[in-house]
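The values are calculated or read from the model by the stated rules, or taken from the named source; none is laboratory data. This one's a predicted model, so the numbers in the text were calculated from it and none came from an experiment. Cβ: placed from backbone, ideal geometry, glycine included. Neighbour counts: every protein chain shown. Please note that ligands, DNA and RNA were not included when accessible areas were found on the heavy atoms of the full protein model with its side chains. Shrake-Rupley method; radii C 1.70, N 1.55, O 1.52, S 1.80 Å.
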Amino acid sequence: MRAARVPEPGADFEVVDVETPEPAAGEVRVAVDACGICHSDAFVKEGAYPGIDYPRVPGHEVAGRVDAVGDDVTAWSEGDRVGVGWHGGHCFECDACRRGDFQQCEDAQITGIAYDGGYAEYMTAPAEALAAVPADLDAVDAAPLLCAGVTTFNALRNTDARPGDLVAVQGVGGLGHLGIQYARAAGFETVALSRSPDKEELAYELGADHFVNAAEADAAEALRELGGADVVLATAPSAPAIESVVDGLGTDGRVVVVGVPGEEVSVNAQSLVGVRGGVDGWASGNARDSQDTLEFSDLREITPEVETFALDEVHAAYDRMIENEARFRVVLEP
Ligand SMILES: [Zn+2]
Ligand SMILES: [Zn+2]
């Protein structure tokens, strides 16, 4: 099979012919129809994540079909349409797993990091890492929903926000353009915050009720004028951007960080104490959360904006993503 892999940390991708993997017991083989390129794939490309064995095939936004089933797999059959996201499997035995909190498994595997991911024609994955893809949902649309989608959908639905509450989505990019659609569909009064005024029209098209140009207006003040945010979903990986909205929280408001900045975020504790607020973090979800995301996206016709590339074009595709030029998610079609 063809695979695009990183030979060693910091090296360029190489597109090579390798053995098609066989599924071990408890695993399935997935024929990959589409795989999104996520900013977190830079961990593999640059060697920034501990314990990666090289060469490694990245890719944790995988949509495809079950192609072969290993021993002891009863939940999936050949031909099933499936997706694999960041959460690539769990141990079933640690304390978190015993409590059913698979996302927090102490031994959790990350797709494309612990084992080869979806920048290839085929990959294998543990059966518990699979999400069913709805029949009507195109693989190219499904792929980014398995990381960018589940991260924003799951973060929002795990807040205390209720219909009518003021929910701001900071950043109108890969995550944010999905977050706005989910916030709207969930019944929130939805605010899009962006430093790019050219995103205003799109933000309204995606369902935002308000747009704040954070390059000119004070984002916190704008949120306070709207009554104070119950939730700010921070998708832009920028510490100053996150810091700029904390004073815009209403009572019990939360900034939920899903886009992780490279630098530390500094917060004035008095701002939080005054509104009983907080700055929280959230990471993706388990396979069932991914499936919920796919099903809800299908139900409400929420799709990502994508640019597609063939596997051989992986260099150009990755550059589009890493240089932040893509509108908005880059998807490989192996
Ligand atoms: Zn990702
Ligand atoms: Zn576990």
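For the reader, a short list of remarks on this structure follows.
- Residue that is nearest to C147 (Cα to Cα), among those in the stretch 255-289 that are crowded, with 21+ Cβ neighbours inside 10 Å and away from ligand 1 (no atom under 16 Å from the Cβ): V256
- Filter result for C105 (away from ligand 2 (no atom under 16 Å from the Cβ) and under 19 Å from the mean Cα position of the chain (by Cα)): no
- Listed by first and then second residue, the pairs with beta-carbon distance under 8 Å, at least 6 apart or on different chains, first residue in the stretch 75-103 and open to solvent by 70 Å² or more (accessible area, probe 1.4 Å), second away from ligand 1 (no atom under 16 Å from the Cβ) and modelled with pLDDT under 95, form an empty list.
- Residue pairs whose Cβ atoms lie under 8 Å apart, sitting 6 or more positions apart in sequence or on different chains, and linking a residue in the stretch 20-44 that is within 16 Å of ligand 2 (Cβ to nearest atom) to a partner that is outside any loop (DSSP other than H, G, I, E, B) and open to solvent by less than 30 Å² (accessible area, probe 1.4 Å), are G26/P126; G26/A127.
- Selection of helices (runs of 4 or more DSSP H) fully inside the stretch 171-285 by the criterion of at least 2 residues being β-branched (V, I, T) returns 269-275.
- In the stretch 109-121 there is at least one residue that is within 16 Å of ligand 2 (Cβ to nearest atom) and either within 21 Å of A234 (Cβ to Cβ) or surrounded by fewer than 20 Cβ atoms within 10 Å (Cβ to Cβ) (or both).
- P304 meets each of the listed conditions (1) surrounded by fewer than 18 Cβ atoms within 10 Å (Cβ to Cβ); (2) part of a loop (DSSP other than H, G, I, E, B); (3) in contact with a Lys or Arg (Cβ under 6 Å, 6 or more places away or on another chain) apart from (1).
- Checking each residue in the stretch 60-97 for being within 20 Å of A114 (Cα to Cα), away from ligand 2 (no atom under 16 Å from the Cβ) and part of a loop (DSSP other than H, G, I, E, B) picks out H60, E61, G70, G85.
- Hits in the stretch 1-43 (condition: open to solvent by 20 Å² or more (accessible area, probe 1.4 Å) and part of a strand (DSSP E or B)): R2, R5, E14, V15, V16, D17, E27, R29, D33
- Among the residues of the stretch 122-140, those identified as under 24 Å from G176 (Cβ atoms) and surrounded by fewer than 24 Cβ atoms within 10 Å (Cβ to Cβ) are P134, L137, D138, A139, V140.
- With respect to the stated conditions, E301 fails to be modelled with pLDDT under 95, farther than 29 Å from H90 by Cβ and out of contact with any His (no Cβ under 6 Å at 6 or more places or on another chain).
- Which listed residue is over 26 Å from G51 (Cβ atoms), among the β-branched types (V, I, T), open to solvent by less than 20 Å² (accessible area, probe 1.4 Å) and more than 21 Å from the chain's Cα centre (by Cα), from V66, V169: V66
- Of the residues making up the stretch 61-94, those that are closer than 11 Å to A129 by Cα and touching a Phe, Trp or Tyr at 6+ places or on another chain (Cβ under 8 Å) are V82, H87, G88, H90.
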